[in-house]
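What follows is a set of notes on a single structure, which appears directly below.
Nothing in this text is a laboratory measurement; each read-out follows from the coordinates by a stated rule. What you see is a predicted model; the values in this text were computed from it and never measured. Here the Cβ positions follow ideal geometry from the backbone for every residue, glycine too, while neighbour counts run over all protein chains shown.
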Amino acid sequence: MAVPEQAILANPFASAVAADAVEQLVRAHARFVFQVAYSVLRHSHDAEDVVQETFLRVMKHQSDLPGVRDEKAWLARIAWRLAVDRRRGQPAMASDPDTVLSQMQARGMNAEQALACGETKALLDSLIAALPAELREPLQLSTVEEMASSEVAAVLGIPEATVRTRLFRARQMLKEKLSVLLESKAGRK
């Protein structure tokens with residue numbers, strides 16, 4: 001005999017068990033969910049809002065928890081979609097790679113100094129931001145969030161082989177863009 005969902009939700013013991021399960025998810029994965037959101041938004045306050053919204057959605061759909069095979073991938077997918085939706089509503093803030101590189105050289109920095117002060121990270125961030133979304137998203141999840149190809153596939157809802165192909169193409173494009181930038185700047189000296 002099946003028990004109606006209202007009877008389960010009305011049962012204080014069942015709702016306490018579900019609340020405990022959600023609390024355990026928050027404790028175990030909140031930092032990871034923040035990292036996923038931050039990799040998309042690049043702003044800590046917005047990422048924190050996405051973390052809250054992610055776990056509010058988990059609370060809303062806590063009845064789905066027993067059927068979730070990979071909690072981390074499930075949470076990452078929710079956070080990723082929320083962050084991407086939030087980013088769509090924001091103005092584009094991608095820096096021009098040439099501008100970042102020019103600023104580095106204007107300060108008279110060599111490569112070691114640039115690496116030490118984080119300027120190179122800004123350059124790479126701008127190059128990554130310039131990639132097409134289909135290449136940028138797997139790269140961010142794989143490289144920044146250190147997710148395995150199978151986890152990235154689960155988050156983005158694409159086959160694992162496609163993830164590996166897109167990662168390869170994204171890295172090749174970054175390598176080519178960086179080579180061109182560095183060669184053009186070296187030629188100007």
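Remarks
- Label-point gap, in nm, between GLN172 and LYS121 - each point 7 angstrom along Cα→Cβ: 3.0 nm
- Environment charge of VAL163, counting only residues whose C-beta is closer than 12 Å and scoring Lys/Arg +1, Asp/Glu -1: -1
- Computed lengthening from THR162 to ARG69, 0.36 nm per intervening residue step minus Cα-Cα distance: 31.3 nm
- Panel order for MET147, MET59, by other beta carbons found within 10 Å of each beta carbon, from fewest to most: MET59, MET147.
- GluC sites (Glu not before Pro) lying in DSSP loop within the stretch 140-189, provided at most 15 other Cβ fall within 10 Å: GLU146
- Model label sites at ASP20 and SER179, defined 7 Å from Cα along the beta-carbon direction, differ in position by 5.8 nm.
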